[in-house]
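The values are calculated or read from the model by the stated rules, or taken from the named source; none is laboratory data. Computed from a prediction, not measured in an experiment: that's the story for all the values here. A quick note on method: Cβ atoms are made from the backbone with ideal geometry, for glycine too, and the neighbour counts reach across all protein chains shown.
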Amino acid sequence: MRSLVLFLILTLGVQSSFAKKVKLFGQHAAYANMQIKVLCYDDAFSKTEKQLAILQLDKQGQFSVEFEIAETQMVFLPLGVFRGYFFVEAGKEYQVSLPPRRDLSPAQKLDPFFEPQDVFLGFRNADKNGLNSLIRQFDNQIDNFINQNFDGIYNQGSSSLGIDFAKQMKTKFADVKHPYFRVYLEYRLAYLDYLASPEAYIRMENQYFANRGMALNNLAYTTLFKKIYDNSLASAFHRREKSKFSKALESSNPYQALDDAMKAYSVYQDKNFRDLLLAKSVFDGTENGLLTRSKAIGIIQKIKQNSQDENLTKLTRNFLTELSHLLKNTNAPLFKVGTISLEDYKGKYLYLNFCNTTNSVWERDSELLEKLKEAFGKDIEFLSLASDVDPIRFQNRLKEEKATWPIVQIDKNNTVLRDYKIKVFPSYIIIDPEGKVYQYPARGPHDGIEKIFVKIQRQILRENYSKK
């Protein structure tokens, strides 16, 4: 067994542990001959998935697999319309009970907004005092309490009904010594505190994060962290000194300036915590339009270079991968849809469109695309990849339109939508002759894309002239 030392920092102090095996086994005939991935998140915040193992079910639906972990963590199994999840501890075995099988429909496979339903899986060998049983029992009580009493909790401050409930839960679970559950209990109850006083930002971070160890493997801890520090560049930091952080962000060395600004506050004295919060805040800032992806990449690269912490290394690596996706001059993901592949367009500019011909926008776009193809088709290739579900309707639509460029239906098992992370139809991207991203998101046919096409034409003319 390989030895991998990780540091699990909890409120009780720093503990180290060696990687140990976890065993999952069970049987469900409906899943016979299937392969099911066992996944976890690679870090606390980016939602980058990491594969731990694969359940290979035999013809009777039986399965057994072992893998190694070094700390308690949540794992999940993609199960069609469900996402089964549970918590695993090093050195333990779990006889997993799978839910009834419900596969994704063709429409769900092509729907970029589809989210599977989370299901807390059970075990045939469950320990009623084990971690999963404790979390399930506690979650049921606190979730029901919040659902039934939300108006008596939210923004009620010291009058919140959550105060007495928290006392009851602390008393009920007082004898439970499991370190993961103790942290889980504290930070899920802290969420009640957050709901009661959502504007008490400084008190909350001082109470739950100042001079406290980081339990980044604990779902309740990271959930509260995300609530308290949501979009910090635009909100949380501004509650302290807006001008100071704004100036730091615009300085010639924003990482150092932001780091210096944060060090002025006692809650940010721990370097790893400071870097973690800064990395997440900068990444969130790109999604809210507060800074460009290029600027965010520069700051996060600095954080990565100045940190030796394993959790930060994984987080910054995954943030950088996400921020670099479809960035100008990066390689566009390869694809093959039907008989057409990205490599077919090597040496040419490609105006790639992800569409759905049932979308009301398509009629307007398709008419304009036809005109653009006629005007610029000599120098720029056009390709539309359609997420239509009904093949007969799609083919009838093609016959009606008689487009002069390829419009190809995406197969339900094709990964191109996921690879390009398409969430909106239509979406446009320009890819250069070397297969690199020229512009993303590119303007649509009704948004003045002609100016970009003219620029490309002039560039081609200059290149051709220089070769003479």
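Worth pointing out:
- Consider the stretch 192-218 and keep the residues that are touching a Gly at 6+ places or on another chain (Cβ under 9 Å) and of a type outside the set (Gly, Ala, Ser). The one that is nearest to TYR154 (Cα to Cα) is LEU195.
- When the stretch 243-267 is filtered for residues that are within 16 Å of PHE209 (Cβ to Cβ) and crowded, with 20+ Cβ neighbours inside 10 Å, only MET262 remains.
- Residue tally, condition part of a helix (DSSP H, G or I) and in contact (Cβ under 8 Å) with a residue 60 or more places away in the chain, over the stretch 315-369: 14
- Whichever residue in the stretch 344-395 is of a type in the set (S, T, N, Q) and under 31 Å from the mean Cα position of the chain (by Cα) and, among such residues, is nearest to ALA107 (Cα to Cα): SER387
- Across the stretch 33-46, the qualifying residues are those that are in contact with a strand residue (DSSP E or B) (Cβ under 6 Å, 6 or more places away or on another chain) and among the charged types (D, E, K, R), and the one among them that is nearest to LEU79 (Cα to Cα) is LYS37.
- Residues satisfying the stated conditions in the stretch 153-174, i.e. loosely packed, with under 13 Cβ neighbours inside 10 Å and over 22 Å from ASN129 (Cβ atoms): ASN155, GLY157, SER158, SER159, ASP164, LYS167
- Checking each residue in the stretch 154-174 for being closer than 29 Å to LEU121 by Cβ, in a helix (DSSP H, G or I) and in contact (Cβ under 8 Å) with a residue 24 or more places away in the chain picks out GLY162, PHE165, ALA166, MET169.
- Segments classed as strands (runs of 3 or more DSSP E), wholly inside the stretch 370-468, with at least 3 members that are within 20 Å of THR339 (Cβ to Cβ): 380-386, 407-409
- Check on LEU10, surrounded by fewer than 15 Cβ atoms within 10 Å (Cβ to Cβ), within 26 Å of HIS178 (Cα to Cα) and either under 28 Å from the mean Cα position of the chain (by Cα) or modelled with pLDDT of 70 or more (or both): no
- Residue check, ALA70 outside the structural domain of ASN272 (by TED's automatic domain parsing) and at pLDDT below 95: yes
- Residue in the stretch 175-188 that is loosely packed, with under 13 Cβ neighbours inside 10 Å, in contact (Cβ under 8 Å) with a residue 24 or more places away in the chain and of a type outside the set (A, V, I, L, M, F, W, C) present: no
- Filter result for LEU352 (under 14 Å from ILE410 (Cβ atoms), of a type in the set (A, V, I, L, M), in the same structural domain as ALA403 (by TED's automatic domain parsing) and buried (at least 18 other Cβ atoms within 10 Å of the Cβ)): yes
- When PHE145, PHE138, PHE82 are checked against the criterion of being outside the structural domain of LEU417 (by TED's automatic domain parsing), over 30 Å from LYS172 (Cα atoms) and either crowded, with 18+ Cβ neighbours inside 10 Å or at pLDDT below 95 (or both), PHE82 stands alone in meeting it.
- Scan of the stretch 40-68 for residues that are part of a strand (DSSP E or B), under 17 Å from GLU322 (Cβ atoms) and touching a residue at least 24 places away in the same chain (Cβ under 8 Å), ordered by number: TYR41
- Scan the stretch 304-314 for residues that are over 19 Å from LYS47 (Cα atoms) and in a helix (DSSP H, G or I) and the total you get is 1.
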